[in-house]
Amino acid sequence: MAKKTVNVAMIGAQFMGKAHSNAWRQVKAMFDPPVEPVMKVMCGKFPEELASAGKWGWQETSLDWKEVVNRPDIDIIDICTPNFLHPVIAIEAAKAGKHIVCEKPLANTLKEAKEMWATAKKANIKHMCGFSYRFAPAVQSMKKLISSGGLGEIYHFRAAYQQDWIMDPDFPMVWRLKKKHTGSGALGDIGAHVTDLCHFLVGPVCEVTSAMETFIKRRVIADSDVGAWAAKGSKKTKQYDTVDVDDAAIFIGHIKDKITLASFEVTRFAGGRRNYNSIEIFGSKGSLLWNQEDMNQFQYFNRSDPEGLQGFRKVLACDPGHPYVHAWWPPGHIIGYEHLFVHEIFEFLTCLNSKKESYSTFEDAVKCQSVLEAVEKSASSKKWVKV
Ligand code: SOE
């Protein structure tokens, strides 16, 4: 019997549009989702952005997201735009009864995130916020070990998400550096990821204290509206603008109902770190280390190993027995960043007609946004802030 199909429209055509297009295309070829996605429409901001739509797998293109969101033949809206557009599109889509995938962070403010969640809940639609690192096989296996008590009581959750893509003073002003478009800088972008990973692996952050910094406060304005990562080398104007968001944030926190101490460092000024999302978890029975630049493995230390044999062992998370790897390659044949989006879309499709959600919902994203807002409050008050 032919599978039920669901028609997808994606809003946004830059880096995340490319990653999500690959996921919608690959999920039906490599996995066996209960419903089959049809890549109907890709929406962009200007015609040049839509040139790749065909080769990325989309049947149609549009410059009018609102018209597409209200099309009766569309079932799922996938939001891959800059953060400030997430609420207006998601609320329109929820009111139109569409299921929603939205990139992280959910919104620029906690207020907007709560409104998106409330509207989605009221519309009784499925809603996912794309915290893609949850879907690394290594992270899933680490979660399984922690949830089974394998690490014992967790003393420390440590995350350092370090990049260096805007260290050049000549890198121009992009939407990720303007509060009205992005909410916050490194904090809302990569800080959202490590906060969600802490929630996923250990538990909810309930109180924080923090410091934030902007290292380069003025940047030249580029002469074209390109995506954040595409702006390097773009032609410049003679005008400058003020960077009004953080380049880096450091915060520590307590975890609800746990003795765990959590520490987080997020920066775009760690020269040599390209996308170094790293987590370290230390418990009474053992320890785990993982980083995205070497994402197919994690290091596991078991305190009950016999003396003389103790030490961190490398676990290759693309061997059988780890989630998702069955769909890809033989043992040891590694996968990449883009596979995480295929995994999250597979989970979204798998849960579409069920009560469960095996991913970050808008409710989870609101919990993440609550931490981000507390971090900003703490950085300005220089006091501990409850989430
Ligand atoms: C920029 O920091 C960015 O593109 C993030 O926005 C993504 O979520 C992350 O996966 C890679 O880096």
**OP:** Quote the charge dipole size of the chain about the Cα centre in Debye, to the nearest 20; the model charges only the Cβ of Lys and Arg (+1) and of Asp and Glu (-1).
**Re:** 480 debye
Original post:
Just the projected area, averaged over all directions, of the convex hull on the alpha carbon atoms of the range 238-288: how many nm²?
Top reply: 6.0 nm²
Original post:
Using mean Cβ contacts within 10 Å as the protection proxy, how do 121-127, 380-386, 197-203, 54-60 order, highest first?
Top reply: 197-203, 121-127, 54-60, 380-386
Subject >> Net +/- balance of residues flanking Asp244 in space, Cβ distance below 14 Å, scoring K and R +1, D and E -1 >> reply: +2
**OP:** Treating only the Cβ atoms of Lys and Arg (+1) and Asp and Glu (-1) as charged, compute the dipole magnitude of the range 342-387 about its Cα centre; round to the nearest 20 debye.
**Re:** 380 debye
Subject >> Table column - 3J(HN,Hα) (Hz), the range 161-175, Karplus curve with 6.51, -1.76, 1.60, x for Gly and Pro >> reply: 10, 10, 10, 9, 6, 10, 5, 6, x, 8, 5, x, 5, 10, 4
Original post:
So who's got an amide H within less than 5 Å of the one on Gly130, skipping anything under 5 residues away but keeping other chains? H placed 1.01 Å off N, in plane.
Top reply: Cys102, Glu103, Lys104
Subject >> Positive dipole terminus of the range 232-320, leading residue within Tyr300, Thr260, Gly271 (C-beta point charges) >> reply: Gly271
**OP:** Work from the charge dipole of the chain (Cβ charges, +1 for Lys and Arg, -1 for Asp and Glu, about the Cα centre) and give the residue of Gly336, His20, Leu106 farthest towards its positive end.
**Re:** Leu106
**OP:** May I ask you to give the percent of accessible area on the chain that is carbon plus sulfur, with a probe radius of 1.4 Å?
**Re:** 54 percent
Original post:
For the range 320-335, in order, what is each residue's ³J(HN,Hα) by Karplus, 6.51 cos²θ - 1.76 cosθ + 1.60 with θ = phi - 60°, in whole Hz (x at glycine and Pro)?
Top reply: x, x, 9, x, 6, 5, 4, 7, 10, 10, x, x, x, 8, 6, 10
Original post:
To the nearest Å, what is the center-to-center distance of the range 248-297 and the range 366-387, using C-alpha atoms only?
Top reply: 18 Å
**OP:** Please list the non-local residues whose amide H lies under 5 Å from the amide H of Glu36, H modeled 1.01 Å from N, same-chain partners needing a gap of 5 or more.
**Re:** Lys4, Thr5, Val6
Subject >> Helix-only mean residue ellipticity at 222 nm for the chain, each DSSP H run of n ≥ 4 adding -39500 (n - 2.57), per residue, nearest 500 >> reply: -8500 deg cm²/dmol
Subject >> Average accessible area per residue (Å²) across the chain - probe 1.4 Å, nucleic acids and ligands excluded >> reply: 43 Å²
Original post:
Can you list the equivalent-ellipsoid semi-axes of the chain, largest first and in whole Å, using the square root of 5 times each Cα gyration tensor eigenvalue?
Top reply: 31, 27, 20
Original post:
Using modelled amide H (1.01 Å from N, peptide plane; none on Pro or chain starts), what sits under 5 Å from the amide H of Asp223, excluding residues fewer than 5 places away?
Top reply: Lys235, Lys236, Thr237
Original post:
Could you state the number of Å between the C-alpha centres of the range 97-113 and the range 1-79?
Top reply: 18 Å
Original post:
So for the range 36-96, taking the charge dipole from beta-carbon charges (+1 Lys/Arg, -1 Asp/Glu), which of Ile89, Ser52, Pro37 sits furthest toward the positive end?
Top reply: Ile89
Original post:
Once you charge only the Cβ atoms, +1 for Lys and Arg and -1 for Asp and Glu, what is the size of the charge dipole of the range 4-133 about its Cα centre, to the nearest 20 debye?
Top reply: 340 debye
Subject >> Percent of beta bridges antiparallel (DSSP, the chain, rounded to nearest 5) >> reply: 60 percent
Original post:
If you build the Cα gyration tensor of the range 4-133 and take the root of 5 times each eigenvalue, what three semi-axes come out, in whole angstrom, biggest first?
Top reply: 21, 17, 14
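The values are calculated or read from the model by the stated rules, or taken from the named source; none is laboratory data. This one's a predicted model, so the numbers in the text were calculated from it and none came from an experiment. A quick note on method: Cβ atoms are made from the backbone with ideal geometry, for glycine too, and the neighbour counts reach across all protein chains shown. Side chains included, ligands, DNA and RNA excluded: accessible areas come from the protein's heavy atoms. Shrake-Rupley method; radii C 1.70, N 1.55, O 1.52, S 1.80 Å.
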